[in-house]
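First up is the structure itself, then whatever we jot down about it.
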Amino acid sequence: MIKGLERKMMLLKSTNSKYFDEAYFIMKDDLTSFDEGEILREAERIMFSAEVCKRVKGKKKKDALKIALFSISSGLIGFGTGLFLAFFV
């Protein structure tokens, strides 16, 4: 930390999160008056949005894999049907 620099900081220990044990929030310098409850709600909102982002990213990967497998299998079925029709009809 730089000498002579003072920052307002909040430590959130009980996060009830499976990803975070503790979270440190550094307040803006121009914050003169604040409501402690409002700041706590904002910190909890940020923690919750971090967990939701992690779940959404994982879901997108699974959805992309399902789409790729469906596309490949559809192409193979179409190709097989075309060969069948070309040779036996």
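Tabulated values for the structure
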| quantity | calculated |
| --- | --- |
| Selected residue (criterion: nearest to residue 13 (Cα to Cα)) from residues of the stretch 28-62 that are among the charged types (D, E, K, R) and at pLDDT below 70 | 51 |
| In the stretch 1-27, residue surrounded by the most Cβ atoms within 10 Å (Cβ to Cβ) [restricted to those that are among the aromatic types (Phe, Trp, Tyr) and at pLDDT 80 or above] | 25 |
| Unmet criterion (only one of (1) over 18 Å from the mean Cα position of the chain (by Cα); (2) aliphatic (A, V, I, L, M); (3) at pLDDT below 80; (4) surrounded by 10 or more Cβ atoms within 10 Å (Cβ to Cβ)) for residue 77 | (3) |
| Tabulated pairs, the stretch 35-50, first part of a helix (DSSP H, G or I), second surrounded by 14 or more Cβ atoms within 10 Å (Cβ to Cβ) and aromatic (Phe, Trp, Tyr), C-beta under 9 angstrom, 6+ apart or interchain | 39/25; 42/25; 43/25; 46/25 |
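The values are calculated or read from the model by the stated rules, or taken from the named source; none is laboratory data. Everything numeric here is computed off the predicted structure, so don't read it as measured data. Heads up, the Cβs are rebuilt from the backbone with ideal geometry, glycines too, and the neighbour counts pull from every protein chain shown.
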